[in-house]
Amino acid sequence: MFKLEETEAVNLGDSEAVKETRISIHLSPLEKEEYIRFQREYEDIFAWSYDYMTRLSTSIVDHKLPTNPTCPPVKQELKKFKPDMSFKIKEEVTKKIKAKVHWVVEYPTWLANIVSVPKMDGKIRVCVGYRDLNRAGHKDDFPLPNIHILIDNCTKHELQSFVDYFAGYH
């Protein structure tokens, strides 16, 4: 898998509307030019910010989790963060609330703490620690394959794309 230092940033937008992506430094100049041209041609299919995703239909992205009825809902005790980390978390959560990806719930039945994961570029990824909810859920008979197997299956191809244009998991 590519490391951050093995990639270079490329802005597909302009100085005001930055649309940054990363490409391998190991591409030849011709491959690099062709790859950037290809990405510019199809730049409209990527969500460059949460604002691009406001019209997602809830019939597509609304999830229902079947839980074991014998497991009572768990509300985790509030976790405290350092002030600088708290500010970064608030910034990320506010972006998601403004874009209507997340919304505030007044009386939750399940409550899980935020887990901040540092990214290689110095930013943070905000996740939710659903460990208690996972314990109450039904086990999947058909789990996803291990990621290392999927990566190994790509070895016969000349180029690999790790689609991580905005936050890495959309």
Check your understanding: Looking at (1) at pLDDT 85 or above; (2) of a type outside the set (A, V, I, L, M, F, W, C); (3) closer than 30 Å to LYS139 by Cα; (4) open to solvent by less than 100 Å² (accessible area, probe 1.4 Å), which is the one condition that is false for PRO69?
Key -> (4)
Check your understanding: If you go through region 75-93 one residue at a time, do you hit one that is at pLDDT below 80 and part of a loop (DSSP other than H, G, I, E, B)?
Key -> no
Practice item. Being open to solvent by less than 80 Å² (accessible area, probe 1.4 Å) and not hydrophobic (A, V, I, L, M, F, W, C) is the filter; apply it to region 119-144 and report the residue that is modelled with the highest pLDDT. Key: ASP132
Revision key, fill the gap. In the set LEU150, LEU111, the lone residue that is at pLDDT below 80 and open to solvent by less than 100 Å² (accessible area, probe 1.4 Å) is LEU150
Review point. With respect to SER116, is the statement that it is more than 30 Å from THR67 (Cα to Cα), open to solvent by less than 60 Å² (accessible area, probe 1.4 Å) and at pLDDT 80 or above true?
Key: no
**Study point:** Yes/no for LYS96 being of a type in the set (Lys, Arg), at pLDDT 80 or above, surrounded by 11 or more Cβ atoms within 10 Å (Cβ to Cβ) and within 21 Å of the chain's Cα centre (by Cα)
**Key:** yes
Review point. What residue, among those in region 14-27 that are part of a loop (DSSP other than H, G, I, E, B) and closer than 10 Å to TRP48 by Cα, is most open to solvent (accessible area, probe 1.4 Å)?
Key: VAL18
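The values are calculated or read from the model by the stated rules, or taken from the named source; none is laboratory data. Just so you know, these numbers come straight off a predicted model, no measurement behind them. Quick reminder, even Gly has a Cβ in these numbers, built from the backbone with ideal geometry, and neighbours come from all protein chains shown. Note: areas computed on protein heavy atoms with side chains; ligands, DNA, RNA excluded. Shrake-Rupley method; radii C 1.70, N 1.55, O 1.52, S 1.80 Å.
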